[in-house]
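The values are calculated or read from the model by the stated rules, or taken from the named source; none is laboratory data. It should be emphasised that the depicted structure is a prediction, and the values quoted were computed from it without experimental measurement. Every residue, glycine among them, receives a Cβ derived from its backbone with ideal geometry; neighbour counts consider all protein chains shown. These area figures cover heavy atoms from the full protein model, side chains too; ligands, DNA and RNA do not enter into them. Shrake-Rupley method; radii C 1.70, N 1.55, O 1.52, S 1.80 Å.
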Amino acid sequence: CAAETIGVDYCSVTEMLPGGRELLVRAGTGWREGVVGSLRLDAQSGSQAGYTLQSDEPVVVHDLRTETRFRPAPEQVAHGIVSSVTVIIRGQEGPFGTLGVFSREQRVFDREDIPYLQSVANVLGMAIAQRQVEQARAETIAEQNRLLVENRQQRAFLEQLFGAMSDAVIVYDAGGRIVQANLAAATSYGFDPT
């Protein structure tokens with residue numbers, strides 16, 4: 001949608017990988033097969049995406065062939081990219097990655113292009129944050145369910161062990177009432193263990 005609205009050939013979303021040294025091209029349009037999902041870029045200032053993160057502001061490239069602030073990725077050169085804009089996708093705990101649009105023709109991006117692209121990046125950042133919250137919630141629920149099942153299994157084992165003991169065992173509460181007794185206690189003292 002961003003590529004179509006701005007009128008460029010390519011668009012990409014990069015994601016910061018654990019460790020903060022590399023970015024992965026997570027999504028995109030127009031790229032040759034094998035780029036999206038596998039291309040890794042330098043997260044420092046060695047790539048346009050990395051330079052964008054380091055400079056903490058949108059990066060506009062009018063002509064990639066004469067760019068001196070960073071090294072163009074070989075894939076940018078192979079795709080014939082000349083002009084581009086990259087912005088930061090911000091997360092709750094730092095940048096998630098970048099959003100970029102790329103053109104095979106030299107062009108000057110107008111005043112509305114960069115704010116529009118940053119708005120799209122902001123929406124992506126909010127959606128990613130929401131997804132991370134939902135994923136964390138689902139993981140917490142799964143862990144709680146796992147612990148509940150484990151607790152029930154341990155309780156059933158202990159109840160089975162308690163009931164199978166040959167010694168009489170009676171458990172009283174603070175008021176002196178019988179809370180639990182095993183079969184040996186019931187048989188020895190003549191009461192119903194339930």
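Please go through segment 72-87 and pick out each residue that is surrounded by 17 or more Cβ atoms within 10 Å (Cβ to Cβ) and either at positive phi or charged (D, E, K, R) (or both).
Residue satisfying the conditions is 75 alone.
Does residue 66 qualify as being touching a strand residue (DSSP E or B) at 6+ places or on another chain (Cβ under 7 Å) and either on the phi < 0 side of the Ramachandran plot or modelled with pLDDT under 95 (or both)?
no
Check segment 142-155 and report whether any residue there is open to solvent by 70 Å² or more (accessible area, probe 1.4 Å), in a helix (DSSP H, G or I) and closer than 30 Å to residue 83 by Cα.
no
Does residue 137 satisfy the condition of being among the basic types (Lys, Arg) and out of contact with any strand residue (DSSP E or B) (no Cβ under 7 Å at 6 or more places or on another chain)?
Yes: the conditions hold for residue 137.
Being within 24 Å of residue 7 (Cα to Cα), of a type outside the set (A, V, I, L, M) and in a helix (DSSP H, G or I) is the filter here, so list the residues in segment 51-96 that pass it.
51, 52, 65, 66, 74, 75, 76
Please determine whether any residue of segment 121-129 is polar (S, T, N, Q), under 50 Å from the mean Cα position of the chain (by Cα) and assigned to a helix (DSSP H, G or I).
Checking segment 121-129: at least one residue is polar (S, T, N, Q), under 50 Å from the mean Cα position of the chain (by Cα) and assigned to a helix (DSSP H, G or I).
Mind telling me which of the residues 69, 104, 90 ends up being touching a His at 6+ places or on another chain (Cβ under 8 Å) and either open to solvent by 10 Å² or more (accessible area, probe 1.4 Å) or under 22 Å from residue 46 (Cα atoms) (or both)?
104
Mind telling me which of the residues 174, 186 ends up being aliphatic (A, V, I, L, M), more than 46 Å from the chain's Cα centre (by Cα) and loosely packed, with under 10 Cβ neighbours inside 10 Å?
174
Any residue that is touching a Leu at 6+ places or on another chain (Cβ under 6 Å), in contact (Cβ under 8 Å) with a residue 12 or more places away in the chain and not hydrophobic (A, V, I, L, M, F, W, C) - is there at least one of those in segment 161-182?
Checked against the condition, which is being touching a Leu at 6+ places or on another chain (Cβ under 6 Å), in contact (Cβ under 8 Å) with a residue 12 or more places away in the chain and not hydrophobic (A, V, I, L, M, F, W, C), segment 161-182 yields at least one hit.
Tell me yes or no: at least one residue of segment 1-8 is free of Cβ contacts under 8 Å to residues at least 60 places away in the same chain and over 21 Å from residue 119 (Cβ atoms).
There is no residue in segment 1-8 that is free of Cβ contacts under 8 Å to residues at least 60 places away in the same chain and over 21 Å from residue 119 (Cβ atoms).
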